[in-house]
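**Student:** Input: one structure, supplied below.
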Amino acid sequence: MSPLPTPKGNQHKAIFLSADRHHVVLGTAGTGKSTMAMLRADHLARTSTLNHGPVLVVTYNNTLVKYLRYLSPASSNAITIETYGKFARGYLNSVGRMGYNQIAGPDDVRALVERAKTNVRAAGYTHAVLDRDLGWIVDELHWISGMGICSLADYQAVDRLGRQTPLTRGDARQTVWAVRDAYRDIRAACGYRYDWYDIATAVTDSLANDHDPRRYRHIIIDEGQDLSPEAIRSLVAAVAPGGSLTFFGDYHQAIYGQGLSWQKSGIDLRGRQVERFADNLRNTAQIANVAIALTESEFMSTGDLDLVLPRAPKAAGPMPTLVRCDNAASEAEYIRDLALDASKDQSIAILARTWAEAKRVAAGLAYTPLRESMGRWDERPGIYVGAYHSSKGLEFDGVFLPQLNDAKLPHPDVLRAYDDNEAYAREARLLYVAVTRARSSLVMSHSGQPSRLLPANNGLWREENA
(Lines give C-alpha, C1' and ligand atoms only; values in the text may rest on other atoms or scores of the structure.)
Protein backbone atom coordinates (compact mmCIF):
# COMPACT_ATOMS: atom_id res chain seq x y z
CA MET A 1 0.00 0.00 0.00
CA SER A 2 1.34 3.44 -0.92
CA PRO A 3 2.21 5.76 2.00
CA LEU A 4 0.93 8.74 0.00
CA PRO A 5 -1.13 10.92 2.36
CA THR A 6 -4.44 12.48 1.48
CA PRO A 7 -4.27 16.08 0.22
CA LYS A 8 -4.36 18.83 2.82
CA GLY A 9 -5.77 22.31 2.47
CA ASN A 10 -5.72 23.45 -1.14
CA GLN A 11 -3.17 20.86 -2.34
CA HIS A 12 -5.85 19.27 -4.52
CA LYS A 13 -5.61 22.31 -6.81
CA ALA A 14 -2.12 21.25 -7.95
CA ILE A 15 -2.93 17.55 -8.12
CA PHE A 16 -5.87 17.95 -10.49
CA LEU A 17 -4.55 20.69 -12.77
CA SER A 18 -5.44 20.14 -16.44
CA ALA A 19 -3.66 17.22 -18.10
CA ASP A 20 -3.12 18.86 -21.49
CA ARG A 21 -1.16 21.98 -20.51
CA HIS A 22 2.06 22.92 -18.74
CA HIS A 23 1.93 24.19 -15.16
CA VAL A 24 4.23 25.83 -12.63
CA VAL A 25 3.64 25.23 -8.91
CA LEU A 26 5.75 27.23 -6.47
CA GLY A 27 5.69 26.63 -2.75
CA THR A 28 7.85 27.29 0.28
CA ALA A 29 9.44 24.53 2.33
CA GLY A 30 6.86 22.38 4.07
CA THR A 31 4.00 23.00 1.66
CA GLY A 32 4.07 19.38 0.47
CA LYS A 33 5.44 19.82 -3.04
CA SER A 34 6.83 16.28 -3.24
CA THR A 35 3.55 14.87 -1.96
CA MET A 36 1.61 16.93 -4.51
CA ALA A 37 4.01 15.82 -7.24
CA MET A 38 3.46 12.13 -6.51
CA LEU A 39 -0.30 12.51 -6.07
CA ARG A 40 -0.40 14.28 -9.44
CA ALA A 41 1.69 11.51 -11.00
CA ASP A 42 -0.75 8.94 -9.64
CA HIS A 43 -3.68 10.94 -11.04
CA LEU A 44 -2.15 11.35 -14.51
CA ALA A 45 -1.22 7.66 -14.73
CA ARG A 46 -4.71 6.37 -13.85
CA THR A 47 -6.70 5.03 -16.78
CA SER A 48 -9.77 6.80 -15.41
CA THR A 49 -8.10 10.21 -15.97
CA LEU A 50 -8.85 11.99 -19.22
CA ASN A 51 -5.61 12.22 -21.27
CA HIS A 52 -3.82 9.75 -18.99
CA GLY A 53 -0.53 8.19 -19.99
CA PRO A 54 3.01 7.25 -18.92
CA VAL A 55 4.46 9.67 -16.37
CA LEU A 56 8.08 10.61 -15.68
CA VAL A 57 8.84 12.16 -12.29
CA VAL A 58 12.30 13.71 -12.42
CA THR A 59 14.43 15.49 -9.84
CA TYR A 60 18.08 16.35 -9.25
CA ASN A 61 19.44 14.15 -6.49
CA ASN A 62 19.36 10.40 -5.89
CA THR A 63 18.32 10.54 -2.25
CA LEU A 64 15.10 12.33 -3.14
CA VAL A 65 14.47 9.74 -5.86
CA LYS A 66 14.49 7.03 -3.17
CA TYR A 67 11.95 9.03 -1.14
CA LEU A 68 9.69 9.64 -4.15
CA ARG A 69 9.77 5.94 -4.98
CA TYR A 70 8.74 5.24 -1.40
CA LEU A 71 5.72 7.51 -1.93
CA SER A 72 4.87 6.05 -5.34
CA PRO A 73 1.77 3.86 -5.64
CA ALA A 74 3.01 0.27 -5.64
CA SER A 75 0.39 -0.79 -8.17
CA SER A 76 1.40 1.72 -10.85
CA ASN A 77 3.74 0.60 -13.62
CA ALA A 78 3.06 3.78 -15.60
CA ILE A 79 5.21 6.01 -13.36
CA THR A 80 8.99 6.28 -13.77
CA ILE A 81 10.99 8.12 -11.10
CA GLU A 82 14.63 9.04 -11.75
CA THR A 83 17.19 11.81 -11.65
CA TYR A 84 17.60 14.12 -14.61
CA GLY A 85 21.06 12.66 -15.18
CA LYS A 86 19.67 9.14 -15.53
CA PHE A 87 16.92 10.34 -17.86
CA ALA A 88 19.39 12.23 -20.07
CA ARG A 89 21.88 9.37 -20.22
CA GLY A 90 19.14 6.87 -21.02
CA TYR A 91 17.62 8.98 -23.76
CA LEU A 92 20.98 9.68 -25.46
CA ASN A 93 21.79 5.98 -25.30
CA SER A 94 18.47 5.19 -27.01
CA VAL A 95 19.35 7.42 -29.97
CA GLY A 96 22.95 6.21 -30.29
CA ARG A 97 24.63 9.22 -28.72
CA MET A 98 25.90 7.62 -25.51
CA GLY A 99 28.64 5.06 -25.18
CA TYR A 100 30.32 3.46 -22.19
CA ASN A 101 31.92 5.86 -19.68
CA GLN A 102 31.46 8.97 -21.83
CA ILE A 103 30.44 11.40 -19.05
CA ALA A 104 33.19 13.17 -17.15
CA GLY A 105 32.59 13.17 -13.39
CA PRO A 106 33.17 16.17 -11.09
CA ASP A 107 36.77 15.27 -10.22
CA ASP A 108 37.60 14.66 -13.88
CA VAL A 109 36.08 18.02 -14.82
CA ARG A 110 38.18 19.91 -12.27
CA ALA A 111 41.37 18.24 -13.46
CA LEU A 112 40.55 18.89 -17.12
CA VAL A 113 39.64 22.53 -16.52
CA GLU A 114 42.94 23.00 -14.67
CA ARG A 115 44.75 21.64 -17.73
CA ALA A 116 42.67 23.92 -19.96
CA LYS A 117 43.72 26.97 -17.93
CA THR A 118 47.37 26.00 -18.40
CA ASN A 119 46.89 25.62 -22.16
CA VAL A 120 45.13 28.97 -22.42
CA ARG A 121 47.96 30.72 -20.57
CA ALA A 122 50.46 29.06 -22.90
CA ALA A 123 48.45 30.37 -25.85
CA GLY A 124 49.06 33.93 -24.66
CA TYR A 125 45.97 34.78 -22.63
CA THR A 126 46.88 36.94 -19.62
CA HIS A 127 43.59 38.25 -18.23
CA ALA A 128 43.31 38.18 -14.43
CA VAL A 129 40.21 36.01 -14.62
CA LEU A 130 42.60 33.07 -14.98
CA ASP A 131 43.74 33.75 -11.43
CA ARG A 132 40.30 33.14 -10.00
CA ASP A 133 39.64 30.06 -7.92
CA LEU A 134 39.28 26.88 -9.96
CA GLY A 135 35.89 26.25 -8.35
CA TRP A 136 34.58 29.55 -9.73
CA ILE A 137 35.81 28.78 -13.26
CA VAL A 138 34.28 25.29 -13.20
CA ASP A 139 31.02 26.75 -11.94
CA GLU A 140 31.02 29.42 -14.66
CA LEU A 141 31.47 26.75 -17.34
CA HIS A 142 28.59 24.81 -15.81
CA TRP A 143 26.45 27.97 -15.85
CA ILE A 144 27.25 28.48 -19.55
CA SER A 145 26.19 24.91 -20.28
CA GLY A 146 23.10 25.17 -18.10
CA MET A 147 21.98 28.26 -19.96
CA GLY A 148 22.46 26.53 -23.31
CA ILE A 149 24.96 29.16 -24.51
CA CYS A 150 26.81 27.76 -27.52
CA SER A 151 28.75 30.72 -28.97
CA LEU A 152 31.15 33.38 -27.74
CA ALA A 153 28.92 36.07 -29.25
CA ASP A 154 25.97 34.89 -27.13
CA TYR A 155 28.17 34.70 -24.04
CA GLN A 156 29.41 38.25 -24.58
CA ALA A 157 25.84 39.50 -24.99
CA VAL A 158 24.09 37.69 -22.15
CA ASP A 159 23.25 39.23 -18.80
CA ARG A 160 24.67 36.80 -16.27
CA LEU A 161 21.47 36.46 -14.27
CA GLY A 162 21.96 34.44 -11.14
CA ARG A 163 25.70 35.21 -11.08
CA GLN A 164 26.68 37.72 -8.42
CA THR A 165 30.45 37.48 -8.80
CA PRO A 166 30.97 40.01 -11.62
CA LEU A 167 32.54 39.29 -14.99
CA THR A 168 32.87 42.13 -17.49
CA ARG A 169 32.25 41.73 -21.19
CA GLY A 170 35.17 41.78 -23.59
CA ASP A 171 38.53 40.20 -22.77
CA ALA A 172 37.38 38.62 -19.50
CA ARG A 173 34.59 36.62 -21.12
CA GLN A 174 36.71 35.85 -24.17
CA THR A 175 39.30 34.32 -21.84
CA VAL A 176 36.68 32.21 -20.05
CA TRP A 177 35.39 31.06 -23.42
CA ALA A 178 38.91 30.08 -24.45
CA VAL A 179 39.11 27.93 -21.30
CA ARG A 180 35.74 26.40 -22.21
CA ASP A 181 36.93 25.48 -25.72
CA ALA A 182 40.23 24.10 -24.43
CA TYR A 183 38.43 22.08 -21.76
CA ARG A 184 36.07 20.52 -24.29
CA ASP A 185 38.97 19.65 -26.62
CA ILE A 186 40.96 18.02 -23.81
CA ARG A 187 37.86 16.22 -22.55
CA ALA A 188 37.14 14.79 -25.99
CA ALA A 189 40.74 13.62 -26.32
CA CYS A 190 40.30 11.75 -23.03
CA GLY A 191 37.25 9.93 -24.38
CA TYR A 192 34.58 11.95 -22.58
CA ARG A 193 31.78 13.19 -24.79
CA TYR A 194 29.86 15.08 -22.09
CA ASP A 195 29.85 16.25 -18.51
CA TRP A 196 26.77 16.25 -16.29
CA TYR A 197 25.95 19.85 -17.25
CA ASP A 198 26.31 20.06 -21.03
CA ILE A 199 24.53 16.74 -21.47
CA ALA A 200 21.24 18.69 -21.37
CA THR A 201 22.05 20.52 -24.60
CA ALA A 202 22.74 17.19 -26.31
CA VAL A 203 19.30 16.00 -25.20
CA THR A 204 17.60 19.18 -26.39
CA ASP A 205 19.34 19.02 -29.77
CA SER A 206 18.51 15.34 -30.25
CA LEU A 207 14.85 15.79 -29.35
CA ALA A 208 14.55 18.63 -31.87
CA ASN A 209 15.35 16.13 -34.64
CA ASP A 210 13.66 13.08 -33.10
CA HIS A 211 10.31 12.40 -34.73
CA ASP A 212 9.66 9.10 -32.97
CA PRO A 213 6.75 9.00 -30.48
CA ARG A 214 7.66 10.41 -27.10
CA ARG A 215 7.93 7.91 -24.26
CA TYR A 216 6.14 10.07 -21.67
CA ARG A 217 2.81 11.81 -22.01
CA HIS A 218 3.37 13.68 -18.76
CA ILE A 219 6.52 14.89 -17.02
CA ILE A 220 6.60 16.14 -13.43
CA ILE A 221 9.67 17.96 -12.08
CA ASP A 222 10.17 17.98 -8.31
CA GLU A 223 12.62 20.49 -6.78
CA GLY A 224 12.79 22.08 -10.23
CA GLN A 225 14.82 25.05 -9.02
CA ASP A 226 17.86 22.75 -8.95
CA LEU A 227 17.72 21.89 -12.65
CA SER A 228 19.36 24.18 -15.20
CA PRO A 229 17.21 26.09 -17.70
CA GLU A 230 18.60 23.88 -20.47
CA ALA A 231 17.66 20.72 -18.60
CA ILE A 232 14.11 21.99 -18.17
CA ARG A 233 13.93 22.96 -21.86
CA SER A 234 14.89 19.40 -22.76
CA LEU A 235 12.12 18.03 -20.53
CA VAL A 236 9.59 20.34 -22.15
CA ALA A 237 10.68 18.93 -25.51
CA ALA A 238 10.38 15.36 -24.20
CA VAL A 239 6.65 15.65 -23.43
CA ALA A 240 4.36 13.94 -25.93
CA PRO A 241 2.19 16.30 -28.01
CA GLY A 242 -0.98 17.11 -26.11
CA GLY A 243 0.58 16.10 -22.79
CA SER A 244 1.72 18.16 -19.81
CA LEU A 245 4.78 19.24 -17.87
CA THR A 246 4.33 20.26 -14.22
CA PHE A 247 7.14 22.12 -12.47
CA PHE A 248 7.26 22.08 -8.66
CA GLY A 249 9.88 24.32 -7.05
CA ASP A 250 10.99 26.76 -4.35
CA TYR A 251 13.70 29.26 -5.21
CA HIS A 252 14.56 29.79 -1.56
CA GLN A 253 16.03 26.28 -1.87
CA ALA A 254 18.05 26.80 -5.08
CA ILE A 255 21.28 25.20 -3.84
CA TYR A 256 23.09 24.08 -6.99
CA GLY A 257 24.16 27.46 -8.36
CA GLN A 258 21.87 28.13 -11.31
CA GLY A 259 19.71 30.66 -9.48
CA LEU A 260 17.45 31.32 -12.47
CA SER A 261 13.69 31.59 -12.61
CA TRP A 262 11.56 28.98 -14.36
CA GLN A 263 10.65 31.81 -16.75
CA LYS A 264 14.04 31.31 -18.47
CA SER A 265 13.32 27.64 -19.11
CA GLY A 266 10.82 27.43 -21.95
CA ILE A 267 7.72 26.55 -19.92
CA ASP A 268 4.85 28.22 -21.78
CA LEU A 269 1.86 28.84 -19.50
CA ARG A 270 -0.04 30.65 -22.28
CA GLY A 271 -1.02 33.48 -20.00
CA ARG A 272 -2.21 31.32 -17.12
CA GLN A 273 -1.16 32.00 -13.54
CA VAL A 274 1.45 30.22 -11.47
CA GLU A 275 0.00 28.18 -8.61
CA ARG A 276 1.45 29.36 -5.29
CA PHE A 277 1.51 27.63 -1.90
CA ALA A 278 2.66 29.47 1.21
CA ASP A 279 1.16 27.42 4.06
CA ASN A 280 3.81 25.38 5.85
CA LEU A 281 2.33 21.98 6.70
CA ARG A 282 5.55 20.36 7.94
CA ASN A 283 7.28 22.51 10.53
CA THR A 284 6.01 23.76 13.85
CA ALA A 285 5.56 27.52 14.18
CA GLN A 286 8.76 27.70 16.23
CA ILE A 287 10.88 26.01 13.54
CA ALA A 288 9.16 27.90 10.75
CA ASN A 289 10.01 31.19 12.47
CA VAL A 290 13.72 30.34 12.24
CA ALA A 291 13.31 29.54 8.54
CA ILE A 292 11.40 32.75 7.88
CA ALA A 293 14.11 34.75 9.65
CA LEU A 294 16.65 33.15 7.30
CA THR A 295 14.66 34.17 4.22
CA GLU A 296 14.51 37.74 5.54
CA SER A 297 18.23 37.96 6.26
CA GLU A 298 20.62 40.16 4.29
CA PHE A 299 22.28 37.04 2.92
CA MET A 300 19.32 35.42 1.17
CA SER A 301 19.72 36.75 -2.35
CA THR A 302 16.61 36.99 -4.52
CA GLY A 303 17.91 38.22 -7.90
CA ASP A 304 15.24 37.65 -10.56
CA LEU A 305 13.80 34.65 -8.77
CA ASP A 306 10.09 34.00 -8.48
CA LEU A 307 9.72 33.60 -4.73
CA VAL A 308 6.78 32.68 -2.53
CA LEU A 309 7.00 34.23 0.91
CA PRO A 310 6.53 31.56 3.60
CA ARG A 311 3.63 31.78 6.03
CA ALA A 312 4.17 30.45 9.55
CA PRO A 313 1.99 27.47 10.57
CA LYS A 314 -0.22 27.45 13.64
CA ALA A 315 0.96 24.10 15.03
CA ALA A 316 3.09 24.67 18.12
CA GLY A 317 6.11 22.75 19.33
CA PRO A 318 9.19 23.10 21.50
CA MET A 319 11.51 26.02 20.97
CA PRO A 320 14.58 25.24 18.83
CA THR A 321 17.83 25.18 20.76
CA LEU A 322 21.28 26.59 20.01
CA VAL A 323 23.88 24.79 22.10
CA ARG A 324 27.37 26.13 22.75
CA CYS A 325 30.04 23.43 23.16
CA ASP A 326 33.64 23.68 24.33
CA ASN A 327 35.13 21.96 21.31
CA ALA A 328 34.27 19.80 18.29
CA ALA A 329 34.83 16.52 20.16
CA SER A 330 32.49 17.37 23.04
CA GLU A 331 29.95 18.72 20.54
CA ALA A 332 29.92 15.44 18.60
CA GLU A 333 29.51 13.44 21.81
CA TYR A 334 26.65 15.69 22.92
CA ILE A 335 24.82 15.32 19.59
CA ARG A 336 25.33 11.56 19.49
CA ASP A 337 23.84 11.10 22.96
CA LEU A 338 20.77 13.21 22.19
CA ALA A 339 20.21 11.61 18.77
CA LEU A 340 20.54 8.08 20.16
CA ASP A 341 17.91 8.74 22.80
CA ALA A 342 15.49 10.57 20.48
CA SER A 343 15.74 7.94 17.74
CA LYS A 344 14.09 5.26 19.86
CA ASP A 345 10.67 6.44 18.73
CA GLN A 346 11.39 9.16 16.13
CA SER A 347 13.12 9.67 12.79
CA ILE A 348 16.18 11.77 13.54
CA ALA A 349 18.59 13.42 11.09
CA ILE A 350 22.11 14.61 11.82
CA LEU A 351 22.94 17.04 9.01
CA ALA A 352 26.20 18.88 8.44
CA ARG A 353 27.61 21.10 5.71
CA THR A 354 29.60 18.22 4.20
CA TRP A 355 29.28 14.47 4.25
CA ALA A 356 32.69 14.11 5.91
CA GLU A 357 31.63 16.38 8.78
CA ALA A 358 28.30 14.60 9.22
CA LYS A 359 30.03 11.21 9.31
CA ARG A 360 32.55 12.46 11.86
CA VAL A 361 29.84 13.71 14.22
CA ALA A 362 27.85 10.45 13.90
CA ALA A 363 30.86 8.14 14.35
CA GLY A 364 29.92 5.04 16.35
CA LEU A 365 26.17 5.34 15.79
CA ALA A 366 24.08 2.93 13.76
CA TYR A 367 22.52 5.10 11.06
CA THR A 368 21.19 5.25 7.52
CA PRO A 369 23.45 7.38 5.30
CA LEU A 370 21.70 9.90 3.06
CA ARG A 371 23.82 8.92 0.10
CA GLU A 372 23.35 7.74 -3.46
CA SER A 373 24.13 4.20 -2.32
CA MET A 374 21.33 4.08 0.26
CA GLY A 375 18.68 1.41 -0.25
CA ARG A 376 14.94 1.94 -0.14
CA TRP A 377 13.57 4.83 1.89
CA ASP A 378 12.21 3.76 5.27
CA GLU A 379 10.41 6.10 7.66
CA ARG A 380 10.76 3.92 10.74
CA PRO A 381 12.34 5.51 13.83
CA GLY A 382 16.10 5.71 13.54
CA ILE A 383 19.02 7.97 12.73
CA TYR A 384 19.76 9.38 9.28
CA VAL A 385 23.04 11.13 8.54
CA GLY A 386 24.08 13.29 5.61
CA ALA A 387 25.08 16.61 4.16
CA TYR A 388 22.65 19.49 3.75
CA HIS A 389 22.54 18.82 0.00
CA SER A 390 21.39 15.23 0.40
CA SER A 391 18.52 16.17 2.71
CA LYS A 392 16.69 18.15 0.02
CA GLY A 393 13.01 17.24 -0.18
CA LEU A 394 13.12 14.99 2.90
CA GLU A 395 11.65 15.46 6.36
CA PHE A 396 12.32 14.05 9.82
CA ASP A 397 10.73 14.29 13.25
CA GLY A 398 13.87 15.88 14.65
CA VAL A 399 16.95 17.46 13.10
CA PHE A 400 20.37 18.10 14.64
CA LEU A 401 22.59 20.70 12.95
CA PRO A 402 26.08 20.52 14.46
CA GLN A 403 29.14 22.57 13.56
CA LEU A 404 27.35 25.85 12.88
CA ASN A 405 30.69 27.57 13.34
CA ASP A 406 31.86 30.62 11.46
CA ALA A 407 34.96 28.68 10.41
CA LYS A 408 32.84 26.02 8.65
CA LEU A 409 29.72 27.91 7.52
CA PRO A 410 30.00 29.62 5.07
CA HIS A 411 32.24 26.86 3.76
CA PRO A 412 35.82 28.08 3.15
CA ASP A 413 35.87 26.68 -0.40
CA VAL A 414 32.78 28.70 -1.30
CA LEU A 415 34.26 31.86 0.22
CA ARG A 416 37.41 31.37 -1.87
CA ALA A 417 35.48 30.81 -5.09
CA TYR A 418 32.97 33.66 -5.02
CA ASP A 419 32.48 37.24 -3.96
CA ASP A 420 31.13 37.44 -0.43
CA ASN A 421 27.57 38.29 -1.46
CA GLU A 422 27.29 35.25 -3.70
CA ALA A 423 29.04 32.93 -1.24
CA TYR A 424 26.78 34.00 1.63
CA ALA A 425 23.63 33.68 -0.52
CA ARG A 426 24.50 30.13 -1.59
CA GLU A 427 25.31 29.02 1.95
CA ALA A 428 22.23 30.72 3.43
CA ARG A 429 19.98 28.77 1.07
CA LEU A 430 21.68 25.55 2.15
CA LEU A 431 21.12 26.34 5.82
CA TYR A 432 17.48 27.13 5.04
CA VAL A 433 17.09 23.68 3.47
CA ALA A 434 18.61 21.99 6.51
CA VAL A 435 16.48 23.87 9.06
CA THR A 436 13.23 23.16 7.23
CA ARG A 437 13.74 19.37 7.26
CA ALA A 438 12.57 19.27 10.91
CA ARG A 439 8.94 18.50 11.66
CA SER A 440 8.88 19.07 15.42
CA SER A 441 12.32 19.52 17.00
CA LEU A 442 15.46 21.39 15.95
CA VAL A 443 18.75 21.36 17.82
CA MET A 444 21.62 23.51 16.50
CA SER A 445 25.10 23.53 17.98
CA HIS A 446 28.52 25.12 17.61
CA SER A 447 31.92 25.39 19.24
CA GLY A 448 33.72 28.68 18.82
CA GLN A 449 32.12 31.62 17.05
CA PRO A 450 28.61 30.85 15.75
CA SER A 451 28.05 31.16 12.01
CA ARG A 452 27.31 34.64 10.74
CA LEU A 453 24.52 33.09 8.65
CA LEU A 454 22.39 32.54 11.76
CA PRO A 455 19.84 35.34 12.12
CA ALA A 456 19.70 37.45 15.26
CA ASN A 457 18.08 35.51 18.06
CA ASN A 458 15.02 37.64 18.65
CA GLY A 459 13.26 34.96 20.63
CA LEU A 460 13.78 32.35 17.91
CA TRP A 461 15.57 29.75 20.04
CA ARG A 462 16.82 28.91 23.52
CA GLU A 463 20.55 29.19 24.10
CA GLU A 464 22.35 26.84 26.45
CA ASN A 465 25.75 25.34 27.16
CA ALA A 466 26.42 21.66 26.66
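The values are calculated or read from the model by the stated rules, or taken from the named source; none is laboratory data. Here the structure is a predicted model, which is why all the values come from computation and not from measurement. Glycine also receives a Cβ, built like all others from the backbone with ideal geometry; neighbour counts cover every protein chain displayed. With ligands, DNA and RNA removed, areas are computed over all heavy atoms of the protein, side chains included. Shrake-Rupley method; radii C 1.70, N 1.55, O 1.52, S 1.80 Å.
**Student:** Just how many pairs of Lys in the chain have C-alpha atoms closer than 26 Å, counting pairs that are eight or more places apart or on different chains?
**Tutor:** Number of lysine pairs found: 27.
**Student:** Report the calculated FRET efficiency for A456 and D420 (r = Cβ-Cβ distance, R0 = 25 Å), to the nearest 0.05.
**Tutor:** Details: r = 19 Å, r/R0 = 0.76.
Efficiency computed from Cβ-Cβ geometry: 0.85.
**Student:** Sticking with this structure for a sec: Once R0 is set to 56 Å, what does the formula 1/(1 + (r/R0)^6) return for the Cβ-Cβ distance between D413 and S48, expressed as a FRET efficiency to the nearest 0.05? Display every interim value, and only then the final one.
**Tutor:** Values: r = 51 Å, r/R0 = 0.92.
Calculated value: 0.65.
**Student:** To the nearest 10 Å², what's E463's accessible area with a 1.4 Å probe?
**Tutor:** For E463, solvent-accessible area is about 120 Å².
**Student:** Mind checking the per residue accessible area of the stretch 314-442 for me, 1.4 Å probe, whole number of Å²?
**Tutor:** Accessible surface, normalised per residue, equals 40 Å².
**Student:** Something else now. Could you give me D for the chain, from Stokes-Einstein at 20 °C and 1.002 mPa s, where the hydrodynamic radius is the Kirkwood radius over C-alpha pairs? Units µm² s⁻¹, please.
**Tutor:** Answer, rounded: 92 µm²/s.
**Student:** Mind checking the dipole of the chain: about its Cα centre, +1 per Lys or Arg Cβ, -1 per Asp or Glu Cβ, Debye to the nearest 20?
**Tutor:** Details: 53 positive and 52 negative charges, 214 e Å.
With only Lys, Arg, Asp and Glu charged at Cβ, the dipole is about 1020 debye.
**Student:** Accessible area per residue for the stretch 34-160 in Å², computed with a 1.4 Å probe and the full protein assembly in place, what is it? Provide the component values of the computation, followed by the final result.
**Tutor:** Numbers: 5540 Å² over 127 residues.
Here the residues of the stretch 34-160 average 44 Å² of exposed surface.
**Student:** Ignoring ligands, DNA and RNA, please state the percent of accessible area on the chain from carbon and sulfur, probe 1.4 Å. Please report the intermediate quantities before stating the final value.
**Tutor:** Working: 9300 of 19460 Å².
Within the chain, the accessible surface is 48 percent carbon and sulfur.
**Student:** Run the helix sum for the chain: -39,500 (n - 2.57) per DSSP H stretch of 4+ residues, divided by residue count, reported at 222 nm to the nearest 500 deg cm²/dmol. If you can, show how the numbers build up before the last one.
**Tutor:** Values: 15 runs with 169 residues, N = 466.
Helix-only estimate at 222 nm: -11000 deg cm²/dmol.
**Student:** Under the rule of at least 5 residues apart or a separate chain, name every residue whose amide H is placed under 5 Å from the amide H of W377.
**Tutor:** For W377, the qualifying residues are Y70.
**Student:** Let me ask you something else. Could you give the dipole magnitude of the stretch 55-209 about its Cα centre, charging the beta-carbon of Lys and Arg +1 and that of Asp and Glu -1, in debye to the nearest 20? Provide the component values of the computation, followed by the final result.
**Tutor:** Details: 18 positive and 16 negative charges, 47 e Å.
Dipole size: approximately 220 debye.
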